Amino acid sequence: MTDMNLLQSRIEGDSSGEDFSASVMSIEIGPAHPAMHGIVRFTTHLDGELIVGMDTEIGYLHRGFEKESENSKWIQVIPYTDRLNYVSPLLNNIGYSMAVEKLYGIEAPRRAEFTRVIMGEISRITDHLTCLGAAAMEIGAFTFFLWFIKAREYLWELVEEMTGARLTTNWTRFGGNSTDLPDGFLTELADRLAKLKDVMEECDKLLTRNKIFIDRVKDIGSFSKEDALSYGFTGPLLRACGIPYDVRRADSYSVYDELDFEIPVGSTGDCFDRFLVRMEEIRQSINIIEQAADKIPEGPFMTDERMLHYPDKKDVYGNIEGLIDHFKLVMEGHQPPAGEIYMPIEGGNGEIGFYLVSDGSGDPVRVRLRPPCFNFVAAMPAMTIGHYVADIVPIFGSVNMIGGELDR
Amino acid sequence: MGEEISTKEAEIPQDTGELTSLLRQEFPDEITDYHSHRGDETVVIKRDSFEPVCRFLREDSRCSFEIMMDLTAVDRLEMNEEPRFEMVYHFKSLTHARRLRLKVRLTEDDCKIASIHHLWKAVDWYERECFDMFGIHFEGHPDLRRILMYDEFEGHPLRKDYPIDKQQPLSQLKEVDERHVYGRHT
Amino acid sequence: MEVLLDIIMIPTVLATIKIAVIILLFVMPLGTVLTLMERKWSAMIQDRVGPNRANIGKFTGHGALHLAADGLKSIFKEDTIPKGADSFLYLIAPFFGLIAGVATFAIIPVAGPIGDFTFQVTDVEPGLLFIFAITSLSVYGAVLAGMSSNSKFALLGGTRASAQMISYEVFMGLALMGIFMVYGTTRVSGIVDGQNEYWFGHLIPMWGVLTQPLGFVLFFTALIAETKRAPFDAPEGESEIVAGYFLEYSGMRWSAFMLAEYVALVGVASLITTLFFGGYHVPWLHLWDSAPQWLVTVLQIIKFSVFTLFFCWFQIQLRWTVPKFRFDQTMALGWKKLLPLSLVNIIVTAFVIIAFS
């Protein structure tokens, strides 16, 4: 690896097929490959089975989220955010709505905040379940994956009950939520959480102390604290490196300061630490949901401030303010005061940050999403070089790349 | 935007945040504007001193911004502001539990800025994305290629004068060796 | 009629008939049924329903029709040859594994002899050495498929397969040394009869698993690795190298690989039964002196089949329970753990035999 020119010539010799002593083989992993969740391409350079070089290409799922958003009204962006991180769409909804609320300088009613915490944590659990399940499946633990998917189904049915959709939730609004808790939701929630705990326990027994599994993930993809920070890691990957940075605590948005939970941290940042951190976070999230369900206050789930929520139909047809508000909201859209804000929330993968710029009109000037897995994928070469080609699988699985969020 | 919310020194001296005062003390001539709208500390600096300021933010123990959270640009064409582009950098310090937004304004015909990829590794891809989307040139970046768009793409999609429904040429199938320069990460 | 019987009793004709019967009535149906069994059983483990959609009218046979549907689909699918592939080797490669898998059954007795007639195709003197020779042929299937496909994934898979299979042959042979020493023969019928002896009067049968417990574990492990079943399926590496050496195959040739895998699975199970669980011998049956010959034979076939099915099930259960090894870990397990252990097993066995003789 010291002599770049030698390597370069070897590769060229390899591709022309003349030099059979070539020891470096380039192999395209992705864009369509079973281990690439979503689509991303790794051009890996192998010496035998050892990875000596890797080039990453992303952008296959780019749909112009930011451009579309800047050509929409503020409220029209919410459905687009569903499609960012498509395993935890509610967290994106919540993040964007909180960002716009920050731009307005208002806060949602407490009941709405507690509901958001419950739904947000449910989404976080589904995110972790998907990530862990998929990562385990790819190293052969197929049963574990399907058990987790079964558990995820319990939660997605709750999401469906709340929002009417499993993925395209479109649930939050500026200053509250579109729906309140449905009848009997909290009982159902307790039921499902109990079932989820059973599944977690079962899966824990199946995999966490399995020697083969530990051999596959231990000391794979280790990352130092310094590198992790420099690469801008956040979320479970940063915590696996041993840094207890969690936006829920560090910036304490919403009502997280009233809830009691722990931030699990790892030590070496290898795939096993990431696995354990995510497993523990699921348990912490269950804990948070239970507390929030206990503490949830009565009250409105939507702010009654004018020009933020669409007036009730009886006001639209019944009085002139309602009619005008409705007309202006529909024709001109929400008009947050001019300014710029950056609103971070803890997503499933790490810090989801919305940077919004408003000029006071109904059209956003800039809607920027800071995708957490962008940094992880950027660090993929640093994590994989020196490992075997089979290690791409657990490493990339634990990175939990979400194409929608990465490529926007 | 800038005029209404940016707090001019004479008018509102308080509540601009410790970092702003520190930066103003360290780089008195470089800071052109600052505000802390909704609690987000924001400092606008001149382009020439951008790299030293970043180095200071990264290395000085009073700042120690370990994480480069986000890097993007804003095209202010439709806001009728001059200069047209505004580079926006978000930093996070875990030591001091603080965030900072640093901004640099760039004119349209000279949209170049020093690359800070040597300070934070995350910057590499962020700068590529910003180049891809806005056409900002980062001087000193080792590999300034498109990242989300493909190589044949013409124009920079997040510029406000780029029409949202513009058609683009399709990319051609190419051989592997042409696409990739080997050895960048080794 | 007598002429016909005479022709049948000519050894080569008889062997041919036995081959046809074993393959057509035992191996192939079992191999096919196992695909269904594996899908159904894995579905049960994973809280799924499993295949149940293929139907003729309202008849679905609980997924049994999927076998027919899969077969039909494979036959009618296009047989593709990738650009740049070595087409001759590419076309013949799938059948090495299948032939090697089926040939294993040539020396496995499914019931005791009745007079001159044996329920075994041939009882050759080298016995198990024949199995080693044949299984080492199956490596060519994987290697040729990997080399000739003109795909880097297939090449990696073929390389892995050849390294793994050739290495594990060593441990497979060494693990069986103990059996040879205990029963004093390599002839399969000799080993099977040797297991019909008893310790302490008529109390405990001298099964291979009791005389050679370590040898059993080692041999079973090596055999699973040799047939590339989970958790040793790094050569197929479905997540990183997609499907390994048979990535480029389609249609019936792809099915040949899959069938070879299931035939090998049955082969492993029947070998284990034969060598370590008394083969066809039903324990304690000799105490019943007046048992009619036909009943004994039927019981023997049943016993053999039950044990074989049990070990098939065991391998399926194993596959859906544990994750798989990385390639280098498979090799490390072989050379660093299995090899020393099997050598220790040989030495200990030798000492025990000398001490008791």
- Under 12 Å, Cβ to Cβ, from C:PHE232 - net charge with Lys/Arg +1 and Asp/Glu -1: +3
- Query: Hey, any idea what % of segment B:13-139's accessible area is carbon plus sulfur with a 1.4 Å probe?
  - Reply: 44
- Item | Average projected area [Cα convex hull, segment C:12-100], square nanometres | 9.3
- Message: Taking each residue in B:66-79, count the Cβ atoms of any other chain within 10 Å of its Cβ, then average. What number comes out?
- Response: 6
- Note on the structure: Cα-Cα longer than 24 Å, checked against A:LYS67/B:LYS121; C:LYS152/C:LYS324; A:LYS150/A:LYS218; A:LYS328/B:LYS103, kept in input order, equals A:LYS67/B:LYS121; A:LYS150/A:LYS218; A:LYS328/B:LYS103
- Message: If R₀ is 51 angstrom, what is the calculated FRET efficiency for the pair A:GLU153 and C:GLU2, using the beta carbon separation as r and rounding to 0.05?
- Response: 0.15
- Quick one: how many Å² of B:ARG145 are accessible to a 1.4 Å probe, rounded to 10? 70
- Dipole magnitude of chain C about its Cα centre, charges +1 at Lys/Arg Cβ and -1 at Asp/Glu Cβ only, in debye to the nearest 20? 1040
- Message: On a 1.4 Å probe surface of the protein chains, which of B:ASP132, A:ASP312 comes out largest in accessible area, and what is the full order?
- Response: A:ASP312, B:ASP132
- Message: Tell me which DSSP H helices of chain C clear both cut-offs, 18 Å or more of axial length from alpha-carbon atoms and a mean Kyte-Doolittle hydropathy of at least 1.6.
- Response: C:87-103, C:128-148, C:213-226, C:339-356
- Task: Taking just the C-alpha trace of chain A, give me its Rg and Dmax in Å.
- Result: 23.1, 85
- What residues in segment A:120-155 lose 10 Å² or more of accessible surface when the other protein chains are added to their chain alone (1.4 Å probe)? A:GLU138, A:ILE139, A:GLY140, A:ALA141, A:PHE142, A:THR143, A:LEU146, A:TRP147, A:LYS150
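Could you work out the mean projected area of the convex hull around the alpha carbons of segment C:253-357, in square nanometres to one decimal?
11.0
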- About the Cα centre of segment A:288-402, what is the dipole size in debye to 20, counting +1 per Lys and Arg Cβ and -1 per Asp and Glu Cβ, all else neutral? 360
- Query: Given the convex hull of the Cα atoms of segment A:150-235, what is a quarter of its surface area in nm²?
  - Reply: 9.1
- Task: Could you state how much accessible area B:GLU51 has, in square angstrom rounded to the nearest 10, with a 1.4 Å probe and all protein chains kept in place?
- Result: 40
- Hey, what's the protein assembly as shown come to in accessible area per residue, 1.4 Å probe, Å²? 40
- For segment C:1-121, the percent of accessible surface on carbon and sulfur atoms (probe 1.4 angstrom, ligands and nucleic acids excluded) is 72
- Message: From Cα pairs below 8 angstrom and at least 6 apart in sequence, can you work out the relative contact order of chain C, rounded to a whole percent?
- Response: 22
- Decide, for segment B:13-139, between rounded, prolate and oblate: order the square roots of the alpha carbon gyration tensor eigenvalues as a ≥ b ≥ c, take rounded if a/c falls under 1.5, and otherwise choose prolate if a/b is larger than b/c, else oblate. oblate
- Query: Rounded, prolate or oblate: which one fits the protein assembly as shown, using the alpha carbon gyration tensor with axes a ≥ b ≥ c (rounded when a/c is under 1.5, else prolate when a/b beats b/c, else oblate)?
  - Reply: prolate
- Item | For A:ARG408, solvent-accessible area (1.4 Å; no DNA, RNA or ligand), Å² | 0
- Phi-derived 3J(HN,Hα) across segment C:238-249 with the Karplus relation (6.51, -1.76, 1.60, θ = phi - 60°), rounded Hz, x for Gly and Pro, is 4, 8, 9, 10, 6, 9, x, 5, 9, 4, 8, 7
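Could you please put A:MET307, A:MET25 in sequence from largest to smallest accessible area, using a 1.4 Å probe?
A:MET307, A:MET25
Please list C:LEU65, C:LEU89, C:LEU4 in order of solvent-accessible area, largest first, computed with a 1.4 Å probe with all protein chains present.
C:LEU4, C:LEU89, C:LEU65
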- Roll a 1.4 angstrom probe over the protein heavy atoms and tell me the percent of accessible area of segment A:230-356 that is carbon or sulfur. 54
- Query: Can you list residues whose amide H is under 5 Å from B:ASP70's amide H, if they're 5+ apart or on another chain and H is modeled 1.01 Å from N?
  - Reply: B:HIS90
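With an 8 Å cut-off on Cα pairs and a minimum separation of 6 or more residues, tell me the relative contact order of chain A in percent. List each step's numbers first, then the result.
Working: 748 pairs, mean separation 101.5, N = 408.
Dividing the mean separation by the residue count of chain A yields 25 percent.
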- Find the sum over both chains of the accessible area lost when C and A are paired, probe 1.4 Å, and report it in Å² to the nearest 100. 2500
- Note on the structure: Rounded to the nearest whole number, the per residue volume of the convex hull around the C-alpha atoms of chain C in Å³ is 174
- Message: Among C:LEU176, C:PRO113, C:VAL143, which residue has its Cα furthest toward the positive end of the charge dipole of segment C:63-199, with +1 on Lys/Arg Cβ and -1 on Asp/Glu Cβ?
- Response: C:VAL143
- Area hidden from solvent between A and B (accessible, protein heavy atoms only, 1.4 Å, total, Å²): 4900
- Task: Sum up the charges of everything whose Cβ sits under 11 Å from the Cβ of B:LYS121, counting Lys and Arg as +1 and Asp and Glu as -1, but leave B:LYS121 out.
- Result: -3
- Each residue of segment B:95-103 in order: what ³J(HN,Hα) in whole Hz does its phi give by Karplus 6.51 cos²θ - 1.76 cosθ + 1.60, θ = phi - 60°, with x for Gly and Pro? 4, 9, 6, 10, 10, 9, 10, 10, 10
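The values are calculated or read from the model by the stated rules, or taken from the named source; none is laboratory data. What you see is a predicted model; the values in this text were computed from it and never measured. No Cβ is skipped: glycine too gets one built from the backbone with ideal geometry, and neighbour counts run over all protein chains shown. Protein only, heavy atoms only, side chains kept; ligands, DNA and RNA dropped before computing areas. Shrake-Rupley method; radii C 1.70, N 1.55, O 1.52, S 1.80 Å.
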